[in-house]
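Scroll down for the structure; my scribbles are underneath it.
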Amino acid sequence: MPRLADETREERRARFIEAASRCSARKGYRSLTIDDVCAEAGGLSKGAFYTYFRSKQEANWSTFPPMPSRPSSWPFPTGSSSTECSTRRFRWANVRLALDTIFDALGNEQRV
């Protein structure tokens, strides 16, 4: 198997993320299949999908922007106290945990 250039790898990963976002919006997460995402991404293979993502859940998470690591770049006001910043990180972690639980309940990606 030939080695892909870094920019080609990034472009393919972006195609999968965009395809997952479109398919999820159109069909909903539960009805979304890896085959749908591959077809929407221009006919890329399932093997290519699994090169970039372990599951449809991981691909779906990739459609969301990552949580900034520095409080100064968070999209909401930050307080001057480290306790307030820690509380916001804790809340974000709880939101992420809740969404993970919902995605797990909607469908087991191992059966996709």
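The values are calculated or read from the model by the stated rules, or taken from the named source; none is laboratory data. All of these numbers come straight from a predicted model, not from anything done at the bench. Ideal geometry is used to build each Cβ from the backbone, glycine not excepted, and the neighbour counts take in all protein chains shown.
Of everything listed in (1) within 20 Å of ILE102 (Cβ to Cβ); (2) surrounded by 17 or more Cβ atoms within 10 Å (Cβ to Cβ), the single unmet condition for SER31 is (2).
Within segment 27-55, the residues that satisfy the criterion of being assigned to a helix (DSSP H, G or I) and either of a type in the set (Gly, Ala, Ser) or farther than 22 Å from ASP104 by Cβ (or both) are CYS38, ALA39, GLU40, GLY47, ALA48, THR51.
Taken together, ALA59, ALA20, ALA14, ALA25 contain a single residue that is surrounded by 12 or more Cβ atoms within 10 Å (Cβ to Cβ), more than 18 Å from ARG96 (Cβ to Cβ) and either under 16 Å from the mean Cα position of the chain (by Cα) or at pLDDT 90 or above (or both), which is ALA14.
For LYS46, indicate whether it is out of contact with any Ser or Thr (no Cβ under 7 Å at 6 or more places or on another chain), modelled with pLDDT of 90 or more and within 25 Å of ASP100 (Cβ to Cβ). Answer is yes for this residue.
Does PHE53 satisfy the condition of being closer than 25 Å to ALA98 by Cα and out of contact with any Leu (no Cβ under 8 Å at 6 or more places or on another chain)? Please lay out each step first, then the result.
Numbers: closer than 25 Å to ALA98 by Cα: yes; out of contact with any Leu (no Cβ under 8 Å at 6 or more places or on another chain): yes.
Criteria met by PHE53.
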